[in-house]
Amino acid sequence: MVKTFTMVPILLLLLGGTSTTVQSWYKPPVNVSWQWQLSGNINISYDVDLYDIDLFDTSIDTINDLKKQGIKVICYFSAGSWENWRVDKDAFPPEVLGKDLDGWPDEKWLDIRKIEILRPIMTARLDLAFEKGCDGVELDNMDAYTNESGFNLQADHQIAYNKLIAAEARNKGLSVGLKNDLDQIVELEPFFDFALNEECHAYDECNKLKPFTNANKPVLNAEYKQEYISDEDSRHKVCAEAKLLGLKTLILPLNLDDSFRISCD
């Protein structure tokens, strides 16, 4: 397995001022191999460098079993939405809860302008990731400003929130990945260690991820289209494009339950 660590200074941007700390965190190499499973019993048998798994639902034992194999562990949680099944759901006051996410009636957008409320909740989640032995975090729903959130969110609100949570993660020694949010990639790339995208091939958006590959940072991409699963020619075309662009593309089930896995590597 490839292991990359770097000692670098962080300028941690806070609302009330600045402070400087020095931390070590995992920085995945551009050619990292990976597996993504967020539901079901985690299959730890894949010979890959990195697993992306759910922060809350994955046991410390499973994380330890992966790390014993030399596998890095990225822990998923939603930093941009409230989910009514999470153990910390009562920490979110009603004023930060917006509209339901499209297709997810048990999940609501957060008012990311309310930094003073959300920051300690997200910091506690980052603390949990560190305590459970995660090497990094994947932050979901970090593009509320492009959705019907129920709040008047602007692009600069999203930039400020994403940078703050990323800085908090790095300050705790955690690698941090940017999930989707393609229109803000140029500005956000320096604050994140890798990108995780969904369906850039299907939506013809893969070129937007070049700021990460140009910076020698990996782009982990997942595709869900039935065409890529069942049609060999379509699958070969997607994988050829992924290799040309330097993306680490997997074709996976939409619910990420490990019912199948097709890798373009």
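The values are calculated or read from the model by the stated rules, or taken from the named source; none is laboratory data. Every value quoted in this text rests on a predicted model; they were computed, and no experiment measured them. Neighbour counts are summed over all protein chains in view; Cβ atoms, including those assigned to glycine, are modelled from backbone coordinates with ideal geometry.
Checking LYS99, LYS114, LYS179 one by one, the residue that is touching a helix residue (DSSP H, G or I) at 6+ places or on another chain (Cβ under 7 Å) and either touching a residue at least 12 places away in the same chain (Cβ under 8 Å) or polar (S, T, N, Q) (or both) is LYS114 and no other.
Just so you know, in the range 41-90 the residues that are under 29 Å from ALA144 (Cβ atoms) and small (Gly, Ala, Ser) include one that is surrounded by the fewest Cβ atoms within 10 Å (Cβ to Cβ), and it is SER78.
Tell me which residues, restricted to the range 81-123, are aromatic (Phe, Trp, Tyr), in a loop (DSSP other than H, G, I, E, B) and farther than 27 Å from GLY173 by Cα. Walk me through how you get there before you give the answer.
Quick first cut of the range 81-123, residues aromatic (Phe, Trp, Tyr) only: 82, 85, 92, 104, 109.
Within this subset, residues satisfying the condition of being in a loop (DSSP other than H, G, I, E, B) are 85, 92.
If the condition is that a residue be aromatic (Phe, Trp, Tyr), in a loop (DSSP other than H, G, I, E, B) and farther than 27 Å from GLY173 by Cα, then TRP85 is the only one that fits.
None of GLU168, GLU187, GLU131 is among the acidic types (Asp, Glu), at pLDDT 95 or above and either in contact with a strand residue (DSSP E or B) (Cβ under 9 Å, 6 or more places away or on another chain) or assigned to a strand (DSSP E or B) (or both) except GLU168.
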